[in-house]
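See structure below.
The values are calculated or read from the model by the stated rules, or taken from the named source; none is laboratory data. Predicted model only: the values in this text are computed from it and were never measured. Cβ sites come from the backbone with ideal geometry, for glycine too, and all protein chains shown count toward neighbours.
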Amino acid sequence: MNDMTLTERNVDTKDIKIAASNVQVHYGETHAIKDVNVSIEDKTVTAFIGPSGCGKSTFLRCLNRMNDTIQTCSIKGKILLDGEDIYDKRVDVVQLRAKVGMVFQKPNPFPKSIYDNVAYGPKIHGLARGKSELDEIVEKALRRAAIWEEVKDRLNAPGTGLSGGQQQRLCIARAVATEPEVLLMDEPCSALDPIATAQVEELIDELRQRFSVVIVTHSMQQAARVSQKTAFFHLGSLVEFGETGQIFTNPNDPRTESYITGRIG
Ligand SMILES: Nc1ncnc2c1ncn2[C@@H]1O[C@H](COP(=O)(O)OP(=O)(O)OP(=O)(O)O)[C@@H](O)[C@H]1O
C-alpha cells in the first residue's frame, strides 16, 4: 500500500445513500415540495427541521413511496437509492419499504404479540429458514432496539400492552428486523416522556453505525443532539442543508437563522 492510498482512505467521504433531485410534490392544488435537491449520506443521521406545514413529513414519505397511498399526491423529479430510481415502474414497493423502513410519530404496534410484531417482516420477506432462525432474528432486532431485556420473558404478550416508550422501541425493532439500509423516523419521540426520548435518541446513534437514519423533528435540541447533517425546510423549499453544527451556529440563510433563534415557526 502506498502513501497515496493511505491518504485517500483517511479522507472522510461518506457514500451517498439517497440522492434526490428536482423533487416536486403536489396534493391536488397544494404545492407541498418545491424543487428539492438533497443527498442523504450512508451511516449518518440527517435531521429535517422547519416550521409546521413546511413539507418535512411529505418529503420524508417520498423516500420510501409512502405517499403512493394518497390519491391526490403527485411526485415529480428523481429519487435514487444506491443509484436506482425508486419510482421506476419495476420497483417492488414492498421490497423498497423493507430496505427503507419507517417509524412513525405515534407508536403503532400491530395487535399481535411482541414476537409476532418483529417476526412479521422477516416472515413475509422470507428471511428465515425455520423457527430457530426466526427466533434469532427476533432476538437480534429486539436487542438492537434496546428492548430485549424488558420483553424477553413475555414475548407472547400483546405489543399494545407495553408502555409508550417500549412500544416505540418495539416499532424500531420491527423496522430493523428486515435489515433496512435506511430508517426514516417521523417525529419518533413526540409521544414519549424525557426518559424514553433519551433511550430512543441513544438508540438512533447506535443505529447509524449500521445504516442511514433520517429523522423529522420539531425539537431543535433533538436535531442538534442526534444528527450530523441538518436540512432546514421552509414553505416547501429546502432552504439550507449542511453539517448540523454549522446550521445551528452559523447558518448561511437568514430564514434558517430566524427559525433557530425562534423568530419563525
Ligand atoms: N394528505 C394530505 N393531503 C393534502 N395536503 C396535505 C396532505 N399532507 C400534507 N399536506 C399539505 O402539505 C403541506 C406540507 O405538509 P407536511 O405534513 O409535509 O408538513 P410538515 O413540515 O411535516 O408539518 P408538521 O411539522 O406540522 O408535521 C401542508 O400544506 C399540508 O397541509
Only one residue in LEU192, LEU184 is in a strand (DSSP E or B) and either within 22 Å of ILE33 (Cβ to Cβ) or of a type outside the set (Val, Ile, Thr) (or both), so which one is that? LEU184
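Okay, residues lined up against (1) in contact (Cβ under 8 Å) with a residue 60 or more places away in the chain; (2) more than 27 Å from ILE40 (Cα to Cα); (3) of a type in the set (Ser, Thr, Tyr):
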{"position": "ASP82", "(1), (2), (3)": "yes, no, no"}
{"position": "ARG90", "(1), (2), (3)": "no, no, no"}
{"position": "ARG97", "(1), (2), (3)": "no, no, no"}
{"position": "TYR115", "(1), (2), (3)": "no, yes, yes"}
{"position": "ILE124", "(1), (2), (3)": "no, yes, no"}
{"position": "ALA128", "(1), (2), (3)": "no, yes, no"}
{"position": "TRP148", "(1), (2), (3)": "no, yes, no"}
{"position": "LYS152", "(1), (2), (3)": "no, yes, no"}
Take the residues of segment 34-65 that are within 8 Å of the ligand (Cβ to nearest atom), crowded, with 18+ Cβ neighbours inside 10 Å and farther than 27 Å from GLU206 by Cα: which is farthest from the chain's Cα centre (by Cα)? CYS54
Per the list (1) in a helix (DSSP H, G or I); (2) of a type in the set (S, T, N, Q); (3) modelled with pLDDT under 95, residue check on THR160 breaks on (3)
Only one of (1) within 16 Å of the ligand (Cβ to nearest atom); (2) touching a residue at least 60 places away in the same chain (Cβ under 8 Å); (3) under 30 Å from SER163 (Cα atoms) is not met by VAL182, so which one is it? (1)
Six or more apart or on different chains, Cβ atoms under 7 Å: show the pairs whose first residue is in segment 38-65 and over 26 Å from VAL94 (Cβ atoms) and at pLDDT 95 or above and whose second is in a loop (DSSP other than H, G, I, E, B) and aromatic (Phe, Trp, Tyr). none
Tell me yes or no: at least one residue of segment 202-212 is within 11 Å of the chain's Cα centre (by Cα), at negative phi, modelled with pLDDT of 95 or more and within 13 Å of the ligand (Cβ to nearest atom). no
Within segment 107-146, the count of residues that are touching a helix residue (DSSP H, G or I) at 6+ places or on another chain (Cβ under 9 Å) and assigned to a loop (DSSP other than H, G, I, E, B) comes to 11
Kindly check whether there is at least one residue in segment 67-86 that is among the hydrophobic types (A, V, I, L, M, F, W, C), within 12 Å of the ligand (Cβ to nearest atom) and either modelled with pLDDT of 95 or more or surrounded by fewer than 23 Cβ atoms within 10 Å (Cβ to Cβ) (or both). yes
Going by the structure shown, is VAL182 out of contact with any Ser or Thr (no Cβ under 6 Å at 6 or more places or on another chain) and of a type in the set (Val, Ile, Thr)? no
